[in-house]
1. Quick check on the stretch 148-158: of everything there that is more than 13 Å from Pro95 (Cα to Cα) and crowded, with 21+ Cβ neighbours inside 10 Å, which residue is nearest to the ligand (Cβ to nearest atom)?
2. When only residues in the stretch 271-303 that are closer than 19 Å to Glu367 by Cα and crowded, with 20+ Cβ neighbours inside 10 Å count, which is farthest from the chain's Cα centre (by Cα)?
3. Only one of these conditions is not met by Arg243: (1) more than 16 Å from the ligand (Cβ to nearest atom); (2) out of contact with any helix residue (DSSP H, G or I) (no Cβ under 6 Å at 6 or more places or on another chain). Which number is it?
4. I'd like the full set of residues that are touching a helix residue (DSSP H, G or I) at 6+ places or on another chain (Cβ under 9 Å) and hydrophobic (A, V, I, L, M, F, W, C), limited to the stretch 201-217.
5. Since Pro120 meets every condition but one in (1) touching a strand residue (DSSP E or B) at 6+ places or on another chain (Cβ under 8 Å); (2) surrounded by fewer than 23 Cβ atoms within 10 Å (Cβ to Cβ); (3) on the phi < 0 side of the Ramachandran plot, which condition does it not meet?
6. For the stretch 22-54, which residues satisfy the criterion of being on the phi > 0 side of the Ramachandran plot and touching a helix residue (DSSP H, G or I) at 6+ places or on another chain (Cβ under 9 Å)?
7. Which number in (1) within 14 Å of the ligand (Cβ to nearest atom); (2) surrounded by fewer than 19 Cβ atoms within 10 Å (Cβ to Cβ) marks the one condition that Asn164 misses?
8. Consider the stretch 111-147. How many of its residues are polar (S, T, N, Q) and away from the ligand (no atom under 16 Å from the Cβ)?
Amino acid sequence: MTTHRTPAAAGKSPPVPLLDVNRGNAPLRDEILAAITKVVDSGRFLFGPDVQELEAKVARHCGTEHAVGCASGSDALLLAMMALDIGPGDEVICPSFTFFATASAIWRVGAKPVFVDIDPQTLNIDADCIERAITPATKAIIPVHLFGQCADMDNILELGRLHNLHIVEDVAQAIGATHRGRPAGSMGAIGCLSFYPTKNLGGFGDGGMLTTNDAQLAERLRLFAAHGMSPRYYHKVVGINSRLDSIQAAVLNVKMTQLEMWTERRIENAQRYNRLLRNDELPGVLSLPHDLGYGLHVWNQYTIRIAGGRRDQVKSKLAEAGVGSEIYYPVPLHLQECFRSLGYAPGSLPETEKAAAEVLSLPIFPELTAAEQETVVARLRDAMYTQRKAAA
Ligand SMILES: *Cc1c(COP(=O)(O)O)cnc(C)c1O
């Protein structure tokens, strides 16, 4: 151990987890259990009133006419592709710097994901790169509102209009975010939400939802989510089985009452990090998250960048000191083994690849305390300091 030579020896601080879902759920425990009990007693485990209630609430929150529950955010993306009739021969443009499901949805309907680079400041898809990637085969664009900030929707929607392309928003990390006053999920043809436990509105397992202002599209999404069956045992199209369980919806209806307060806490936490990190000498921290200020950033993640080559060691040092952090995402999708046949070489999306080598997400969940944030920053300072010593 060499810690006696570094500020890390200054004292052991209590561990800070990357995310503690129990802190958010604990105050709601009785209410949630009562809601679950109600579903158990009703015996209606699918298509119950809780699902309809959540659909109405999410539609209102996202400023859309319709919302359709489904089994996960991944299924939401897949159902969007199916309902828009995207298939073999079609190309869909999406970022490579995102969670896998954004692209697997495109692949699974037989279409070709076309990966484009990101804006290095926001880490969101770059509209200029989208424009250059459009071909006669392009059918849709899937912008991802990464880490809680909306993508460059002005330019993306304009490209959609000019080239007659569907815009499918990946809202998995951005429920409640806005762009020039318009909620995430209401700008494109379809919005895809996830209730995976780490998201800003997290369930007790998997869940997802689709938002749209188009009544016909909403019906098609429902059709594809229910085996393409209408009426019963008559199948119009080949759909899948993707439902939001009544129990999940009951839990989410309770949690939904806290969403705006939780979002405010996330914003406060981000602002506190901005102050703490700016005031600190942190050699090697290349950048703090960049909020363009076009609307509400809902901070699913607070992601800093650390000079290439040092990031992984900093993450290990933080872990040793009991501070949770995570790399979203270490391997860009265009370089994943399963997409090798698409033919992307290393270096083909330089900003994406650079970000993958430099990003580190810090704890930002709503119940994180100011003292814990100070601990995170202090241990980050220790880790960077040790690094510099080692490099000298
Ligand atoms: C979480 C996530 C998904 C998938 O959602 P699941 O509910 O886990 O299937 C899709 N896209 C992005 C950007 C995500 O973060």
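Readers should treat all values here as calculations from the given coordinates under stated rules, not as data from a laboratory. Nothing here was measured: the structure is a model prediction, and the numbers come from that model. Note that each Cβ is placed from the backbone with ideal geometry, even for glycine, and that neighbours are counted across all protein chains shown.
1. Gly148
2. Across the stretch 271-303, the extreme among qualifying residues is Tyr273.
3. Unmet for Arg243, out of (1) more than 16 Å from the ligand (Cβ to nearest atom); (2) out of contact with any helix residue (DSSP H, G or I) (no Cβ under 6 Å at 6 or more places or on another chain): (1).
4. Once the filter is applied, which keeps residues that are touching a helix residue (DSSP H, G or I) at 6+ places or on another chain (Cβ under 9 Å) and hydrophobic (A, V, I, L, M, F, W, C), the stretch 201-217 yields Leu201, Phe204, Met209, Leu210, Leu217.
5. If we test Pro120 against (1) touching a strand residue (DSSP E or B) at 6+ places or on another chain (Cβ under 8 Å); (2) surrounded by fewer than 23 Cβ atoms within 10 Å (Cβ to Cβ); (3) on the phi < 0 side of the Ramachandran plot, just (1) comes out false.
6. Phe47
7. Just one mismatch for Asn164, condition (1).
8. Total satisfying the criteria: 3.
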